[in-house]
Amino acid sequence: MKMKKYIAPSIAEAMKSIRAELGEDAVIINSKVIETKKFFGLVKQKHFEVLAGVDQIEIQPKVEQLPDFIHETKKFTSTSVQNETKTPDVSEDLKKELADLKSMPKSIQRQSIESKYPEQLLPIIEFLRHQELNEELITEISDELFAHYEKLNSNVSQKELWHVVESSLRTKLKGLSMGGIDYDKKFINVIGPTGVGKTTTIAKIAARAVLEKKKKIGFITTDTYRIAAIEQLKTYANLLQAPIEIVYNSEDYKNAIEKLSNLDLIMIDTAGRNYKEEKYVNDLKQLINFDEEVESFLLLSLTSKEKDMEKIIDQFKDVPFQKFIFTKIDETNSIGTMYNLMIKYNKGLAYYTDGQEVPEDIKEANLENLLDIFFQGEFK
């Protein structure tokens, strides 16, 4: 395979260069966003780095049109007969052949989709792939795009096509609940696996409640497995002049609720555990009373694998959480997973975070800012 790396200001520009040099059969192997600095590092520019490749097919006599591993097996057999001490290692060839066969369906699917739509639509479809929207959503959006394209007899600008895509995604997200905590609820409960930034996120939400809404708050932590987590939350509590209760069991939890009953809001920081295991979810349900006074959020990191996040969400199917919170949006180059999960599970978004600063690096979600960060100004 012939491969080459392209750097361009947009996916569309990169695709033009790829087709001009490698032809229509070229496929995108990898793509990412990079930043270049100009004027002594004072100005940053965003570019897309795209690795593309095209197969170089050699024409051979018909007798040779057999998979490589068959030829290797024939050579192995004849060599073994001639000299039993010389046994070529065909295992690596077999592994490579199997890996190529496994990758074929994805490659065929990509070529099928690209052959289905006119060339003018392909840069937009490639952008959706770069953002890692799932193939089902990409197909639905692409079909709407194609219908609009045909309706106007292909007499349509690129900007108008982008607006069609934005409208399609807007429709899919429109019915979902967006926005931050409900100040009518007394208890704010944040659940999620280890390492996703629960304690820091809770501190950000609490700081906003104190500074912007003038609420009296308190903290409850059930994360007694990590001393550092307790100390971190104590630090935030001291800065906000808020009481904190450490809970080890259900009796402690009841006592903590009673002690903090005079406050406006009680922020509950649960233990970060491997919630892909059902046991830990059941432990959490036994400890916390998910009644009408509690508003719960499931917090997930966008640096995690989508399949792992789906497994965690499925484990929480019996826990009444209202919305997602997604963290570490600044640590990934593609955010399609966030939209995939919201649409699949019909759950809205409360906040997304883009850094470690408290309370600055947290954004309350609404439909407009979700569309803005997805399209990254592509058609503005």
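The values are calculated or read from the model by the stated rules, or taken from the named source; none is laboratory data. Here the structure is a predicted model, which is why all the values come from computation and not from measurement. When we count neighbours, we look across all protein chains shown, and the Cβ atoms used for this are built from the backbone with ideal geometry, even at glycine. Quick note on the areas: whole protein, heavy atoms, side chains included, nothing else; ligands and nucleic acids left out. Shrake-Rupley method; radii C 1.70, N 1.55, O 1.52, S 1.80 Å.
Please go through the stretch 252-264 and give me each residue that is open to solvent by 60 Å² or more (accessible area, probe 1.4 Å) and under 19 Å from residue 230 (Cβ atoms), ordered by number. Give the derivation first.
The first filter runs over the stretch 252-264 and keeps only residues open to solvent by 60 Å² or more (accessible area, probe 1.4 Å), leaving 254-255, 258-259, 261-262, 264.
Within the stretch 252-264, 255, 259 meet the criteria.
Would you confirm, using the coordinates I've provided, whether residue 358 is β-branched (Val, Ile, Thr), open to solvent by 10 Å² or more (accessible area, probe 1.4 Å) and touching a residue at least 40 places away in the same chain (Cβ under 8 Å)?
Working: β-branched (Val, Ile, Thr): yes; open to solvent by 10 Å² or more (accessible area, probe 1.4 Å): yes; touching a residue at least 40 places away in the same chain (Cβ under 8 Å): yes.
Judged against the criteria, residue 358 is a match.
Please go through the stretch 198-212 and give me each residue that is open to solvent by 40 Å² or more (accessible area, probe 1.4 Å) and within 23 Å of residue 328 (Cβ to Cβ), ordered by number.
Correct list: 208 only.
Yes/no per residue for (1) at pLDDT 80 or above; (2) of a type in the set (Phe, Trp, Tyr); (3) exposed (fewer than 15 other Cβ atoms within 10 Å of the Cβ); (4) under 25 Å from residue 362 (Cβ atoms):
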residue	(1), (2), (3), (4)
214	yes, no, yes, yes
238	yes, no, yes, yes
250	yes, no, yes, no
273	no, no, no, yes
284	no, no, no, yes
300	yes, no, no, yes
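With 181, 202 as the choices, which residue is assigned to a loop (DSSP other than H, G, I, E, B) and closer than 20 Å to residue 265 by Cβ? Before the answer, list the steps.
Details: 202 fails: assigned to a loop (DSSP other than H, G, I, E, B).
Going through 181, 202 in turn, just one is assigned to a loop (DSSP other than H, G, I, E, B) and closer than 20 Å to residue 265 by Cβ: 181.
Find all pairs meeting these conditions: Cβ atoms under 9 angstrom apart; at least six residues apart or on different chains; first residue within the stretch 314-329 and among the β-branched types (Val, Ile, Thr); second residue surrounded by fewer than 18 Cβ atoms within 10 Å (Cβ to Cβ) and assigned to a helix (DSSP H, G or I).
Matching pairs, first to second residue: 319/285; 329/373.
Residues of the stretch 163-220 being more than 18 Å from residue 343 (Cβ to Cβ), basic (Lys, Arg) and touching a residue at least 12 places away in the same chain (Cβ under 8 Å), which ones?
Across the stretch 163-220, the qualifying residues are 185, 186, 198, 204, 208, 213, 215, 216.
Tell me which residues, restricted to the stretch 158-195, are open to solvent by 60 Å² or more (accessible area, probe 1.4 Å) and more than 30 Å from residue 322 (Cβ to Cβ).
Matches in the stretch 158-195: 158, 159, 160, 163.
What's the total number of residues in the stretch 323-341 that are open to solvent by 10 Å² or more (accessible area, probe 1.4 Å), in contact with an Asp or Glu (Cβ under 6 Å, 6 or more places away or on another chain) and not acidic (Asp, Glu)?
3
So the check is Cβ under 8 Å with 6+ separation or different chains; which pairs have a first residue in the stretch 1-26 that's more than 15 Å from residue 376 (Cβ to Cβ) and a second one that's in a loop (DSSP other than H, G, I, E, B) and open to solvent by less than 90 Å² (accessible area, probe 1.4 Å)?
Taking only residues 6 or more apart or on different chains, the pairs are 18/26; 19/26.
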